[in-house]
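First the structure, in the form of structure tokens, and then the observations on it.
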Amino acid sequence: MIGTALRSQSNATRSNTLSPRDTWGKIAEPLPMPFQCEVAALKPVVVFLLLLVPGLAWAGDAADVELGRQVAQDNCSRCHAIGPEGDSPFEPAPPFREVAQRWPPSYLAEALGEGIVVGHPDMPEFVFSDPEIDGLIAYLESLIPG
């Protein structure tokens with residue numbers, strides 16, 4: 001009996017529900033945005049910044065690539081061909097362009113930071129700083145065609 005009373009009460013309430021229009025007499029209008037005219041004036045500045053940011057990212061990438069090329073020259077070129085062409089001075093050492101195509105360069109970040117060790121004794125162990133790692137990875141990525 002109590003369940004029936006509650007059910008009929010909720011049905012009655014549901015049928016008598018008022019819409020926001022009925023409650024307030026009109027639909028609420030959006031509140032005015034503070035400083036609306038100042039925001040509109042900033043649109044050209046925002047567009048300029050959006051056009052500028054990719055250029056800044058590219059400049060940072062170019063610096064990383066150059067740092068990576070220098071690190072490779074100083075530490076790796078004795079055995080590896082580090083450029084986009086040429087043979088490695090030490091025949092068993094793969095050219096960097098092949099390394100970059102065999103393994104995604106980003107996968108090498110941890111090994112470069114902890115000390116890259118390979119399965120043969122001719123490869124010395126290297127430990128690089130974070131900026132050197134970022135540079136080496138950027139440089140290796142720059143060797144991937146396309």
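The values are calculated or read from the model by the stated rules, or taken from the named source; none is laboratory data. These figures come from a predicted structure and were not determined experimentally. Here the Cβ is made from the backbone with ideal geometry for all residues, glycine too, and neighbour counts use every protein chain on show.
Selection within the range 106-134: residues that are modelled with pLDDT of 90 or more, surrounded by 11 or more Cβ atoms within 10 Å (Cβ to Cβ) and not polar (S, T, N, Q). The member of this set that is nearest to ALA62 (Cα to Cα) is ASP134. The residues of the range 98-109 that are within 23 Å of the chain's Cα centre (by Cα) and assigned to a helix (DSSP H, G or I), listed by number, are VAL99, ALA100, GLN101, ARG102, PRO105, SER106, TYR107, LEU108, ALA109. What number of residues within the range 35-88 are outside any helix (DSSP H, G or I) and modelled with pLDDT under 55? Residues in the range 35-88 being outside any helix (DSSP H, G or I) and modelled with pLDDT under 55: 1 in total. Residues in the range 84-97 that are surrounded by 11 or more Cβ atoms within 10 Å (Cβ to Cβ) and in contact (Cβ under 8 Å) with a residue 24 or more places away in the chain were compared, and the one that is farthest from the chain's Cα centre (by Cα) is PHE90. Considering the range 98-141, the residues that are of a type in the set (Phe, Trp, Tyr) and free of Cβ contacts under 8 Å to residues at least 24 places away in the same chain include one that is farthest from GLY86 (Cα to Cα), namely TYR107.
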